[in-house]
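Here the structure is laid out as structure tokens; the discussion comes afterwards.
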Amino acid sequence: MKKPITARLLAVVSFLTLEVLLVGGAFIASLLLFFYLTRVVFVANSAQFDSWGFQHMDELRTTWPWLTSVAKFITFFASFPFLIIAGTLGPALLRWWGRKREALEVFLAVLGASLFNQLLKTHYHRTRPSSALLFQQGLSFPSGHAMIGMALYGSLAWLLWRHRCHPAWVVLLVLWAVVIGFTRIYLHVHYPTDVLAGFAAGILWLILLRIALRLWWREQQQMG
């Protein structure tokens with residue numbers, strides 16, 4: 001016997017939990033932002049937003065010159081050497097503590113974001129700003145520090161949220177990822193559009209990874 005329409009609607013509504021709505025909204029917003037930035041940079045060839053962002057960062061550097069040293073210190077925490085250590089040592093510690101699933105999530109978050117970032121950079125092939133305060137090899141769009149940093153600290157924030165840790169730690173981790181991204185603009189290593197695109201792509205990767213792992217674990221449980 002078929003269920004009444006009201007029963008079906010109630011079943012759908014019960015599935016649409018706050019978490020699902022927030023994750024879905026974040027996914028759509030990030031996808032639209034990334035698409036919009038590609039139109040601005042590669043179709044309209046507009047440098048207005050990038051110039052505006054650099055101008056404000058230059059004003060900060062002129063007003064507080066000591067911020068340059070702080071920015072160079074903070075930006076290290078999403079650098080390639082640091083990510084190699086964090087992406088291997090972090091999951092290893094989680095596995096040692098008996099958190100095998102969490103270890104896999106963090107490892108894949110960093111590894112997948114790194115590979116995805118290189119694919120995007122190769123596809124868009126945007127050169128870095130010529131005014132960079134630090135020498136940096138590679139291409140510019142999207143920012144690897146912003147994207148992989150968001151993937152690493154975002155995955156850690158997600159795990160803390162899932163294990164019901166204090167929300168302040170979750171917020172601090174996400175803000176830390178954002179600050180790291182902004183140091184790339186401050187140091188002129190990336191255009192502002194690179195950094196925003198990196199944030200968006202990092203969030204997209206985290207959500208796709210989370211969905212894929214959840215489906216895989218559910219299938220494993222059913223098979224077991």
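The values are calculated or read from the model by the stated rules, or taken from the named source; none is laboratory data. These figures come from a predicted structure and were not determined experimentally. Here Cβ is always computed from backbone atoms with ideal geometry, including for glycine, and neighbour counts include all displayed protein chains.
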Check region 27-44 and report whether any residue there is at pLDDT 70 or above, over 20 Å from residue 204 (Cα atoms) and not β-branched (Val, Ile, Thr).
yes
Any chance residue 205 is within 15 Å of residue 106 (Cβ to Cβ) and either modelled with pLDDT under 95 or not in a helix (DSSP H, G or I) (or both)
no
Being buried (at least 18 other Cβ atoms within 10 Å of the Cβ), closer than 23 Å to residue 93 by Cβ and touching a residue at least 60 places away in the same chain (Cβ under 8 Å) is the filter here, so list the residues in region 105-144 that pass it.
105, 108, 109, 113
Which residues, taken from region 97-109, are outside any helix (DSSP H, G or I) and either within 14 Å of residue 209 (Cβ to Cβ) or of a type in the set (Gly, Ala, Ser) (or both)?
98
So which residues in region 131-159 are in a loop (DSSP other than H, G, I, E, B) and touching a helix residue (DSSP H, G or I) at 6+ places or on another chain (Cβ under 6 Å), if there are any at all?
139, 140, 141, 142, 143
